[in-house]
């Protein structure tokens, strides 16, 4: 299986389409590649089918005009939980103090329903992870490597109107907008995040990367 970002993005899009078959009101995933390397502690940092289901909850809530989070997108409220339950996700009775009902997990029935899709996506993610690690062997890539960057330039934080964020190479974002699945607004890079990375001398670049991923 090929392990390039476009191929992994295609696998993510295919998995998203499978969720749409069961939930037709779910909007299209505008930029699946934005999930590769995304940083969002409120929504879970690991990329997996479980993470896609979480994002699908936000997508359906947005399509219905439901405000499912507060505190700049960190706290997932009971409206989020209600939609999550429709998608076969469950959460402990009590909400987390800071993230609310964010940490939902698929039920056994949901895992059975999507088993072929889950297995295919897991294979793609495993192959991509192995290839990314192999690319970095024998070289020092600085703090970005320790924080899971897949390379291709210095990644900086891009934010949307609801407070969620992704890590992205500025030149990639310049090619086409990346739209948030929750608020349907494009991610944008604050000016302060771009200038250090662009102006840093080689000796200072490690500090710029550390600031970007901190």
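The values are calculated or read from the model by the stated rules, or taken from the named source; none is laboratory data. Here the structure is a predicted model, which is why all the values come from computation and not from measurement. Here the Cβ is made from the backbone with ideal geometry for all residues, glycine too, and neighbour counts use every protein chain on show.
Here's the yes/no breakdown for (1) under 20 Å from residue 31 (Cβ atoms); (2) at pLDDT below 50:
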residue: 159; (1), (2): yes, no
residue: 188; (1), (2): yes, no
residue: 194; (1), (2): yes, yes
residue: 207; (1), (2): no, yes
Selection within region 158-184 - surrounded by fewer than 16 Cβ atoms within 10 Å (Cβ to Cβ) and either part of a strand (DSSP E or B) or out of contact with any strand residue (DSSP E or B) (no Cβ under 7 Å at 6 or more places or on another chain) (or both) = 161, 171, 174, 175, 176, 184
key: Filter result (free of Cβ contacts under 8 Å to residues at least 40 places away in the same chain and under 20 Å from the mean Cα position of the chain (by Cα)) within region 92-110   = 98, 100, 101
remark   = Within region 63-76, the count of residues that are crowded, with 18+ Cβ neighbours inside 10 Å and either under 21 Å from residue 14 (Cα atoms) or touching a strand residue (DSSP E or B) at 6+ places or on another chain (Cβ under 7 Å) (or both) comes to 4
inquiry  = Among the residues of region 12-24, are any at pLDDT 80 or above, assigned to a loop (DSSP other than H, G, I, E, B) and under 20 Å from residue 114 (Cβ atoms)?
reply    = yes
note = For helices (runs of 4 or more DSSP H) lying entirely in region 41-124, having 3 or more residues that are under 17 Å from residue 29 (Cα atoms), assigned by TED's automatic domain parsing to the domain that holds residue 9 and at pLDDT 95 or above picks out 49-64
